[in-house]
Structures are given as structure tokens and as C-alpha cells.
Amino acid sequence: MLTLLFISGFFSVIFAAEATIPTVNLSLSAPDTPNQLVTTLNIVIVLTILALAPSIIFVMTSFLRLIVVFSFLRQAMGTQSMPPNTILVTLALILTFFIMEPVATKSYNEGIKPYLAEQIGYEEAFARGVKPFKD
């Protein structure tokens with residue numbers, strides 16, 4: 001009986017304690033400095049690019065062509081499931097990175113690098129950065 005009284009007393013103290021819940025404040029306000037706005041826009045742009053990355057890989061690279069060629073090769077060899085699709089996709093991704101590396105380097109050197117050094121504006125940086133992908 002004494003044990004039951006001790007346990008109930010212990011738990012009553014625990015449950016009687018006031019729970020502190022952290023407050024969350026979500027508000028929209030004008031940025032104090034232009035740098036805060038630029039930082040926010042950079043984060044939004046990076047998240048947008050990450051969300052659209054699969055579409056960009058399909059549309060702007062040779063990935064889809066490589067997958068089609070690999071599937072034709074697999075059919076020509078007479079095997080339906082060897083090598084597995086996972087292996088073909090991985091091989092196509094690796095080859096796509098090797099094929100597109102010079103284009104990405106040229107885009108970085110002509111568009112992003114001068115923009116980060118504040119030599120050109122964002123409109124010209126975008127035009128210069130996209131040009132190697134269109135060529």
C-alpha cells in the first residue's frame with residue numbers, strides 16, 4: 001500500500017508540473033537590408049532547381065538518349081532483364097555527367113563566376129549561363 005501511495009505521489013508531481021511549449025512565430029515582414037532579400041531569393045532559386053532537377057536531366061542532357069540506346073543493346077543481346085534497369089540508369093547517369101561536364105564548366109565560367117564576382121548583372125549572367133546548354 002505504501003508503494004502505491006509513493007508511485008501515485010511521484011506521478012502527481014510530474015503531471016502537476018507546467019509544460020512549457022515553445023512558441024513558433026511565423027510572420028512576413030519587409031527585409032531590413034537588400035542582402036536579406038538576395039539571400040532569400042537565392043534559397044528559393046536553389047530549392048526550385050533541386051525540385052526540377054529530374055526534369056532538367058531528362059530535357060537538357062543526353063540521359064534519355066543513353067537509356068534508349070542501352071535498352072536497344074539489351075534487346076539486341078537477347079536478354080530481357082540482364083543487366084537490370086538500375087544498372088542501366090546508373091551507367092547512363094555516370095556517362096551523362098562525363099558528357100555534360102565541359103558544358104557545365106563553360107556555363108559556370110561564363111555566367112555564374114562573373115556574377116558572383118559582381119562583374120555582370122543577373123540578367124546577363126542568366127543569358128551567358130544558359131547559352132552553352134543551347135549550343
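The values are calculated or read from the model by the stated rules, or taken from the named source; none is laboratory data. Nothing here was measured: the structure is a model prediction, and the numbers come from that model. Ideal geometry is used to build each Cβ from the backbone, glycine not excepted, and the neighbour counts take in all protein chains shown.
For every residue, the table says whether it meets (1) more than 26 Å from Lys134 (Cα to Cα); (2) part of a helix (DSSP H, G or I); (3) touching a Gly at 6+ places or on another chain (Cβ under 8 Å).
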residue: Arg65; (1), (2), (3): no, yes, no
residue: Phe72; (1), (2), (3): yes, yes, no
residue: Ser81; (1), (2), (3): yes, no, no
residue: Leu88; (1), (2), (3): yes, yes, no
residue: Leu91; (1), (2), (3): no, yes, no
residue: Ile94; (1), (2), (3): no, yes, no
residue: Phe97; (1), (2), (3): no, yes, no
Tell me yes or no: at least one residue of the range 70-82 is among the hydrophobic types (A, V, I, L, M, F, W, C), surrounded by 13 or more Cβ atoms within 10 Å (Cβ to Cβ) and modelled with pLDDT of 85 or more. yes
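Residue-wise test of (1) surrounded by 11 or more Cβ atoms within 10 Å (Cβ to Cβ); (2) in contact (Cβ under 8 Å) with a residue 24 or more places away in the chain; (3) of a type in the set (Ser, Thr, Tyr).
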| residue | (1), (2), (3) |
| --- | --- |
| Val59 | yes, no, no |
| Ile67 | yes, yes, no |
| Ile112 | yes, no, no |
| Glu123 | no, no, no |
| Phe126 | yes, no, no |
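Any residue at all in the range 113-132 that's closer than 21 Å to Leu66 by Cβ and assigned to a helix (DSSP H, G or I)?
Within the range 113-132, the subset closer than 21 Å to Leu66 by Cβ is 132.
Those still in the list that are assigned to a helix (DSSP H, G or I) too: 132.
Within the range 113-132, one or more residues are closer than 21 Å to Leu66 by Cβ and assigned to a helix (DSSP H, G or I).
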